[in-house]
Amino acid sequence: MPEPTGRVAAEHRATEATMQAAYTAFIVHVQNCTPCRTDGVNCATAETLRQEYRDATPKVAR
């Protein structure tokens, strides 16, 4: 399958960057949040960040 070019490639890169930023924000938060680490349960902020990642993930990738 050929690599996407032009507008399709730009959209793909933008989607990937958004997904990566959302995932990184979630992981960094969980690593630094005492309740998330010690209780083993996501706090409200972590849940919000997780939902942002899910929202950024294209439906095809799910």
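Could you check the simple spin-label distance between Cys43 and Thr5, using points 7 Å along Cα→Cβ, in nm with one decimal?
So the label points at Cys43 and Thr5 sit 4.9 nm apart.
Any chance you could look up the accessible area of Thr57 with a 1.4 Å probe, heavy atoms only, rounded to 10 Å²?
Taking all protein chains as shown, Thr57 has close to 20 Å².
Could you check the simple spin-label distance between Gln31 and Glu16, using points 7 Å along Cα→Cβ, in nm with one decimal?
Spacing of the two 7 Å Cα→Cβ label points: 2.2 nm.
Identify which of the listed values of volume of the Cα convex hull per residue in Å³ was calculated from the structure shown: (i) 51; (ii) 93; (iii) 64.
From the options (i) 51; (ii) 93; (iii) 64, the structure gives (ii).
The values are calculated or read from the model by the stated rules, or taken from the named source; none is laboratory data. Only a predicted model underlies this, so the values are computations on that prediction, with no experimental measurement involved. All Cβ positions, even for glycine, are placed from backbone atoms using ideal geometry, and neighbour counts span all protein chains on display. The accessibility values were calculated without ligands, DNA or RNA, using every heavy atom of the protein model including side chains. Shrake-Rupley method; radii C 1.70, N 1.55, O 1.52, S 1.80 Å.
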